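Below is one structure; the comments refer to it alone.
Values quoted throughout were computed directly from the atomic coordinates according to the rules given, and no laboratory measurement underlies them. Just so we're clear, the structure is a prediction, and the values are computed from it rather than from any experiment. Cβ: placed from backbone, ideal geometry, glycine included. Neighbour counts: every protein chain shown.
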Amino acid sequence: MRSFVYEALPMRVVFGPGALGSLRAETERLGLQRVLVLCTPGQRALADRAAALLAERAVGVFAEARMHVPVTTVAAAARAARAAEADGCAAVGGGSTVGLAKALALRHGLAVVAVPTTYAGSEMTPIWGLTENARKQTGRDRAVLPRTVLYDPELTRALPVPVSVTSGLNAMAHAVEALYAPDGSPVVAAMAEQGVRDLAVALPAIADRPDDLDARAAALQGAWLCGACLGATTMGLHHKLCHVLGGLLDLPHAETHAVMLPYVAAFDLPAAPEARAALARALGADDPAAALACLAERLGAPRTLRGLGVRHEDLGRVADEVLAAPYANPRPVGRAELDELLERAWSGT
Ligand code: NAD
């Protein structure tokens, strides 16, 4: 009989079309009086809408969130928060914007309300990241958890199909690795299986009809469940590889996950029969790794490292760094296996 530990994370989730409309009430519930709205430059209009909904509780919009949370951006946002005497922030956007909010929580104690508009899932995890001098440092701290998360599928209708697809596959990767994580549990397994099922049905529908609200809601629900899996467990080879590829070769985050997922699944699942069975049920396929590859192909996702611009001669450096620090994985990974896996992911075999 298996033993396990499960620790629920204390977050309130408000889910549904129009959920953004409860932003003011939700900040009030938390006792926040002065809220700084955060977004990327491209999501300024939505952030302005959020600020208008907050009315007198909004103290400004900081629209300079960017990928990988540079410390200079955090410092600028902290200056804006201090000048406005903010006691909280509302992150309206994807993982980059939520990442900035987490950094403000970590370093400056601001309470966070998150309004995710992609499927990355960061809003469900205590994982923070900060980039300084081209090095990304990450850690876990409960202080960065959003107090409340508003999932509004309406806000994802304009998420371009390629970003929807790659961020959806990024979310699935959290669930796949949670299914064989050393600190998994039946709760996590149930969330992971349902999260993969939701996304596997929703992503093709979104690719066909991007403004299908039911499909958008199903994808967002899947992203929530997959993000919760990431927050609850220790990730393995897939996340390690993507972290190294992103850091060393400056590859785009979600695209790298989309490329690597079927290859790592094909490598790891034979050593993780329960995870394989759960994914087979979720994907409705006997061979889940092949099904993930088919899904990525059907969705037009990037399929090779070569296609992402990786040079063949860089693969050795990636393998060196992956092997340099240990991480949890269901199947032992030696140099030869890793070289072969990277070769396949590079060339698409
Ligand atoms: P992102 O936040 O960088 O967004 C990508 C682009 O899409 C941005 O230009 C953004 O403005 C735009 N966008 C977002 N939502 C939109 C919408 N609804 N409509 C139109 N445009 C929209 O990308 P992401 O994939 O969400 O996040 C990636 C980042 O999140 C990475 O830095 C990654 O490390 C981090 N992340 C962290 C965790 C964690 O637990 N800490 C988990 C997953 C991802």
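Distant-in-sequence amide contacts of residue 60, defined by a placed amide H-H separation under 5 Å and a gap of 5 or more residues or a different chain, comprise 37. Over the range 12-156, the fraction of Cα-Cα pairs per 5 Å bin, rounded to whole percents and listed from the shortest bin up, is 2, 11, 23, 27, 22, 11, 3, 1, 0.
Among 257, 174, 243, 312, the order by Cβ neighbours within 10 angstrom, fewest to most, reads 312, 243, 257, 174. Note on the range 43-104: Kirkwood radius taken over Cα pairs, Stokes-Einstein applied at 20 °C and 1.002 mPa s, translational D equal to 183 µm² s⁻¹.
Remark: the range 29-39, residue by residue, has Karplus-estimated 3J(HN,Hα) of 4, 7, x, 7, 9, 9, 10, 9, 8, 10, 6 Hz, where x stands for each Gly or Pro and the curve is 6.51 cos²θ - 1.76 cosθ + 1.60 at θ = phi - 60°. Start at zero, step by 10 Å, and the Cα-Cα distances of the chain spread as 6, 27, 34, 24, 8, 1, 0 percent across the bins. If I model a spin label as a point 7 Å beyond the Cα along the Cα-Cβ vector, how far apart are those points for residue 274 and residue 343 in nm? Label-label distance for residue 274 and residue 343, simple model: 3.4 nm. Here the Kirkwood formula puts the hydrodynamic radius of the range 161-347 at 16.2 Å, using every distinct Cα pair. Excluding residue 213 itself, what net charge comes from residues whose Cβ is under 9 Å from its Cβ, given Lys and Arg +1 and Asp and Glu -1? Taking every other residue near residue 213 into account, the sum is -2. Which residues does a label at residue 285 reach in the range 236-267, if reach means a backbone N under 17 Å from a point 7 Å past the Cα toward the Cβ? Those under the cut-off are 257-267.
Across the range 116-123, coupling constants 3J(HN,Hα) worked out from phi with the 6.51/-1.76/1.60 Karplus curve, θ = phi - 60°, read x, 10, 10, 10, 5, x, 4, 4 Hz, and Gly and Pro carry x.
Amide H to amide H under 5 Å from residue 65: which residues, 5+ apart in sequence or cross-chain, H placed 1.01 Å off N in plane? Under 5 Å from the amide H of residue 65: 39, 40. In the chain, the calculated helix contribution to ellipticity at 222 nm averages -16500 deg cm²/dmol per residue, counting -39,500 (n - 2.57) for every DSSP H run with n ≥ 4. Label sites at residue 143 and residue 212, each approximated as a point 7 angstrom past Cα along Cα to Cβ, lie 4.4 nm apart.
Given R0 = 45 Å, the distance between the Cβ atoms of residue 294 and residue 56 translates into a calculated FRET efficiency of 0.30. Computed from the C-beta positions of residue 323 and residue 75 and an R0 of 41 Å, the FRET efficiency is 0.70 to the nearest 0.05.
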